[in-house]
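> Structure provided below as structure tokens; questions to follow.
The values are calculated or read from the model by the stated rules, or taken from the named source; none is laboratory data. These numbers were taken from a predicted model, which means no experiment stands behind them. FYI the Cβ positions are ideal-geometry reconstructions off the backbone, even for glycines, and counts take in every protein chain you see. Quick note on the areas: whole protein, heavy atoms, side chains included, nothing else; ligands and nucleic acids left out. Shrake-Rupley method; radii C 1.70, N 1.55, O 1.52, S 1.80 Å.
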Amino acid sequence: MKERMRMKTKTYWGGAAFLAVLAVAFPALAEEVKIGDTVINLAYALDTFYFLMTGALVMWMAAGFAMLEAGLVRSKNTVEILLKNIALYAIACIMYMIVGYNIMYGDGANGFIPGLSFFLGADNTVDAVLKSGGETYYSNMADFFFQVVFVATAMSIVSGAVAERMKLWAFFLFAIVMTGFIYPVQGYWKWGGGFLDALGFIDFAGSGVVHLCGASAALAGVLLLGPRKGKYVGGRINAIPGANLPLATLGTFILWLGWFGFNGGSELKVSNIEEANAVAMVFVNTNTAAAGGLVAAMTLSRLWFGKTDLTMALNGALAGLVAITAEPLAPSPLLATFVGVIGGLIVVCAIIFIDKAKVDDPVGALSVHGVVGLWGLIAVAFTNPEGSLVAQLTGAVTIFAWVFGTSFVTWFVIKTIMGIRVSEEEELAGCDISDCGLEAYPEFTKDR
Amino acid sequence: MKERMRMKTKTYWGGAAFLAVLAVAFPALAEEVKIGDTVINLAYALDTFYFLMTGALVMWMAAGFAMLEAGLVRSKNTVEILLKNIALYAIACIMYMIVGYNIMYGDGANGFIPGLSFFLGADNTVDAVLKSGGETYYSNMADFFFQVVFVATAMSIVSGAVAERMKLWAFFLFAIVMTGFIYPVQGYWKWGGGFLDALGFIDFAGSGVVHLCGASAALAGVLLLGPRKGKYVGGRINAIPGANLPLATLGTFILWLGWFGFNGGSELKVSNIEEANAVAMVFVNTNTAAAGGLVAAMTLSRLWFGKTDLTMALNGALAGLVAITAEPLAPSPLLATFVGVIGGLIVVCAIIFIDKAKVDDPVGALSVHGVVGLWGLIAVAFTNPEGSLVAQLTGAVTIFAWVFGTSFVTWFVIKTIMGIRVSEEEELAGCDISDCGLEAYPEFTKDR
Amino acid sequence: MKERMRMKTKTYWGGAAFLAVLAVAFPALAEEVKIGDTVINLAYALDTFYFLMTGALVMWMAAGFAMLEAGLVRSKNTVEILLKNIALYAIACIMYMIVGYNIMYGDGANGFIPGLSFFLGADNTVDAVLKSGGETYYSNMADFFFQVVFVATAMSIVSGAVAERMKLWAFFLFAIVMTGFIYPVQGYWKWGGGFLDALGFIDFAGSGVVHLCGASAALAGVLLLGPRKGKYVGGRINAIPGANLPLATLGTFILWLGWFGFNGGSELKVSNIEEANAVAMVFVNTNTAAAGGLVAAMTLSRLWFGKTDLTMALNGALAGLVAITAEPLAPSPLLATFVGVIGGLIVVCAIIFIDKAKVDDPVGALSVHGVVGLWGLIAVAFTNPEGSLVAQLTGAVTIFAWVFGTSFVTWFVIKTIMGIRVSEEEELAGCDISDCGLEAYPEFTKDR
């Protein structure tokens, strides 16, 4: 957490300084005068509570991805995508506790090679916090909680792109590697204070570290998997409609809500005027970028296709959210809206283009999180005076190269060992029956 | 925000006063002693965080309306209602940022004519907050965030009432006018410190300003639209059941949860004992009024119809929530329960009556938000010693007249320009195909 | 709340002490110096806000149970289970306000017989809080709000187990007795400072007081009801698949999220370093126990049945949550994961065993909340140094005996008066039509 933490703790020096001075002036009172400490206690509690509540919102995003993806696949693959989503969250939580968190925020040998240790250490003692005069300002466990839900988000991106054709346990194996190692290493490079951070690469809440990362891992899987049967037949591109669009819409609403935690919590402190203002600005910009993305994608789909496509509107909102994630603090709300608008326009084009390229991504995850994640990183150069286009591109390329490369190898090894794709009959019958032995909607679906 | 803000900041004077006195007593210490400032910082942060968290809960209500309405319409109009709901939220956020917020809380020429300006200003500086001694006690951006989600709520009410027959883009056009102008003007009259506020009209969180407002706009649309095909044939009233009642129930739960933010955040301050007690009381009363409304509506439906109607129970809970919204602080929990109970009884009667009057409201929005919104305003005269029946009725009539009138004109203009109703064939086939080119549940629905 | 409240308020003495000392040193300043009071105000506000936000999360669990159960029953009984879930929440809120809360936290004659009084009293006055020097540290109303949502959770457990065959209003009658009397009495014995608490029985957030309690009441109902028609025919056990697994998954996600409030809020204080650390630890352990439970149940189902059963995975997550609830603070995250893993293994076995015993529990509530609730209580003896196996078992037996006994009598009386089971024809046609006059999915279901 070193670099990610902003050290704006100056308002708290007052407490400790006052205590010290007063103790000199009235030695007899020194023991009694604890009010400065109490203030440090309160600020620590508020910041910790802020982490926990925003972290809970991010955890809720796991439900959002589950609903979004369950709504966008066919009913015969719904149980499996639900199981993948909730299980990947569990796997991410365990792997990140065992090793991932330490890789990401441990002491690295240098800015490239992270440290290696296991399990979580002890939390801050009261004495240490007081002695720091408030510089140590929130619980380590709250920090872990906030971080762990981010890993799960990155992994959730993968499940959608490989939906409807990947073996369940192959996916789980990949999730172990991704959440325990691949994600934490690039996370270390930026948020753990590694070389990307030193380079001036800016990524407030993870357009790159989370979203581009997830999409890069997904792309490797998609390329090795190939498209779903029946998707590209001859020269034709067949649309495969999702089975339950209210679920997909619910998922988008959940993600929108959760994103307030995702971006809002990434300010990492709320307990003074400046920080509170910053968190509020992040909430407003996150919201308005999503709104801009939705309106732009919806309007473009109406103009382009003649119909106002709900799924494009949903992806537009998500694109706005991804786009603003790299810098939700610096721009004005109006500028943030435009960052979202551009994200919304990009995502429609990207979905069409990627489909034309016969790369089969059932939920549009590569476009939303990959292409627009890249736009989010680039946008920083225009919205944050400290942003540098070169640094942003270096970061994007580094993250992509690392995650795509290691993911490709991982998927390939899993493919070699146990295969990653279900058999043709299983795919036709649906993964739900073959992998899970259950139907998602046994009473509703027409006979196939 | 002038009038809405309660200026109970007295406990914070201590900080500044102490600082001043101590600086006189020990001039040498003056520079160092910042503890009073730190306390002001902390309170500002807590209140800002409180706004953001309660605002996030209100944002979540947009998902609640989407699910409620999507569950209560037929499957062939589900995509469209989903799209309307999520898009109106986006439109509301953008329009209120561009102009609506400034109309509502800007400097009006007088209590009737609001000011006009655009976009959001800067947030409070640290100096200004400290100099105010804590009177300026939370982020402007957090205030905007909390306010913007209320506009979206008002607009969400409209979408349900005009469901299954209104053109998509006609609805969006109306949303622009409603969220940018119609809502903010009447909001100014009360919460912006206009003449309704001066009159002693009480509306804590918006039984009138939000709910009656939304229902009035909806009524104008419904009257211009006419009922759905097949709803009233000859002398018969045909029930048109909703396609997905779990969604409708989920929507109600979401709204119930979000209402803790809606009412709880409207206390506008939490950072001292009195305010914290007040917020807690608001939570308890909001919850128990909903419970009372649900039990009353459910019981009445059982006695009246012989069956215990889930949709009546859901509308009863919402009625309880709407009813308590005008004054959730003053009554005891027992009295709040009764306010909800009466709301629940009213809503069942209103739904039956409005249907008998052949005003077609697919989700009961006119009854829940309009009729019960009026009851909520009236109830204030009985639950708050400062409430005056005359002032409450004046407020209700003013809001209705303004919103219904301007909405009627707006709908009429839109109707003239582009039409507001889909064609008969489109209505029979469903708006989803004609407007959105998608089906909500392509694998489930029986052939029509 | 006497015993449940942990009296770690020492850091606040500083404020009052400082004030007193300074008033002596500078009598003239005494009136002005209010900063200590302001700090007490702030801490009170933060703790109250923490109760309200965590309470809102627990309220959200009611939606989780509704979705979980609605997803796991057949479509013909879906409206009824939705109505039961939302109405039981309302009933619980009203009954607990009228009498339950007072029974649970009133002044009992002794540790066995609780006091009896009605409605809620006044909240703390500002003077009383300041005079207490911060020992009285949060709003009574916030406390009520946090407590009332727990009662609803206990009652929600019942609805699932008796699903698809119990009369609607018989269930509501039981809910009145359960939430007004049965639950509060055993709650008094532990959290109200009764004899179980004196005995050293440890139950942090209610593996026993809430979950085992709910399951015990459910068991009594299930035994009196008998299994669903067609469930056990001859020697065969027929699986009756749930109609909507995305809903069940959504419900599990909601419960997982809500549990952060359930356990996290049960620390009952957040406003200093130690307490903030404790709350953070509770969040982390709650999360990781759920993750462990899910992975364990999922893996066991794969090994045992050859298929990876989504419903087992969901029940595994819930089992992890129930298991850690009795002691989410003392264990390390790794140990907490194991507590969850064992919970996840137990729940799969329990579901199979209970089904083999021909006790028909459509959603697995007896296993998740009853058997694993017991495991949670026992686990305390291994994870908390102060835990005693004897005390834990005494608590478990006492809760079971009381709740099962009084519930059995209550169910029996209701059965005698009005019957508790729907008629055979009604059961075949589904409770939705007979009890509610509505279908949950009128357009989707195949003709039966």
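> Hey, what's region A:301-448 come to in accessible area per residue, 1.4 Å probe, Å²?
For region A:301-448, the solvent-accessible area averages 39 Å² per residue.
> To continue, here is another question. To the nearest 20 debye, what charge dipole does chain B have about its Cα centre, counting +1 at the Cβ of each Lys and Arg and -1 at the Cβ of each Asp and Glu?
With only Lys, Arg, Asp and Glu charged at Cβ, the dipole is about 1140 debye.
> Restricting things to Cα coordinates, could you compute the convex hull volume per residue of region A:402-448 in Å³?
Looking at region A:402-448, the number lands at 105 Å³ per residue.
> Quick check on my link table: of A:Lys307/B:Lys229; B:Lys167/C:Lys76; A:Lys84/A:Lys415; C:Lys76/C:Lys167, which ones sit more than 25 Å apart, alpha carbon to alpha carbon?
Too far apart for the 25 Å limit: B:Lys167/C:Lys76.
> Provide the convex hull volume over Cα atoms per residue for the protein assembly as shown, in Å³.
Hull volume normalised by residue count: 161 Å³.
> While we're here: Let me know the mean shielding of A:92-100 by other chains, meaning the per-residue number of their Cβ atoms within 10 Å of its Cβ.
Mean partner-chain Cβ count within 10 Å for A:92-100: 4.
> Using a 1.4 Å probe on the protein chains only, how many percent of the accessible area of region A:230-337 belongs to carbon and sulfur?
Summing carbon and sulfur atoms, their accessible area is 61 percent of the total for region A:230-337.
> Modelled label-to-label distance, B:Ala198 and A:Trp304, 7 Å Cα→beta-carbon offset: nm?
5.2 nm
> Enter the mean number of other protein chain beta carbons within 10 Å of the beta carbon of each residue in B:431-440, as an integer.
So the per-residue partner count for this stretch is 5.
> Let me ask something else. Please sort through the DSSP H helices of chain A and keep those with an alpha-carbon extent of at least 24 Å along the long axis and a Kyte-Doolittle average not below 0.5.
Once both thresholds are applied, what remains is A:35-72, A:78-95, A:140-161, A:245-264, A:273-305, A:333-356, A:389-418.
> Turning to a different aspect of this structure: Can you pull the one-decimal nm distance between simple spin-label points at B:Cys349 and C:Val359, each 7 Å off the Cα toward Cβ?
Label at B:Cys349, label at C:Val359, 4.8 nm between them.
> Choose one of C:Gly193, C:Val158, C:Phe119: the residue whose Cα lies farthest towards the positive end of the charge dipole of region C:119-221 (beta-carbon charges +1 Lys, Arg; -1 Asp, Glu; about the Cα centre).
Of the listed residues, the answer is C:Val158.
> So how strong a dipole does region A:74-195 carry about its Cα centre when Lys and Arg Cβ are +1 and Asp and Glu Cβ are -1, to the nearest 20 debye?
660 debye
> If one takes the accessible area of chain C alone plus chain A alone and subtracts that of the pair, with a 1.4 Å probe, what total in Å², rounded to the nearest 100, results?
Looking at C and A, the buried total is near 5700 Å².
> In addition: Any idea what the dipole of region A:261-386 comes to, in debye rounded to 20, about its Cα centre with Lys/Arg Cβ at +1 and Asp/Glu Cβ at -1?
Value, rounded to 20: 420 debye.
> Counting only other chains, what is the mean number of Cβ atoms within 10 angstrom of the Cβ of each residue in peptide B:287-294?
Going residue by residue through B:287-294 and averaging, the value is 6.
> Please identify, among B:Asp47, B:Asp127, B:Asp203, the residue showing maximal mean-square fluctuation in a Gaussian network model of chain B using a 10 angstrom Cα cutoff.
With Cα springs under 10 Å in chain B, the top fluctuation among B:Asp47, B:Asp127, B:Asp203 is at B:Asp127.
> Once R0 is set to 22 Å, what does the formula 1/(1 + (r/R0)^6) return for the Cβ-Cβ distance between B:Glu135 and C:Glu135, expressed as a FRET efficiency to the nearest 0.05?
According to the calculation, E is roughly 0.15.
> Here's a follow-up. Considering only C:Ser407, C:Ser434, C:Ser266, give the residue with the highest GNM mean-square fluctuation for chain C, with springs between Cα atoms whenever their separation is below 10 Å.
Maximum among the listed residues: C:Ser434.
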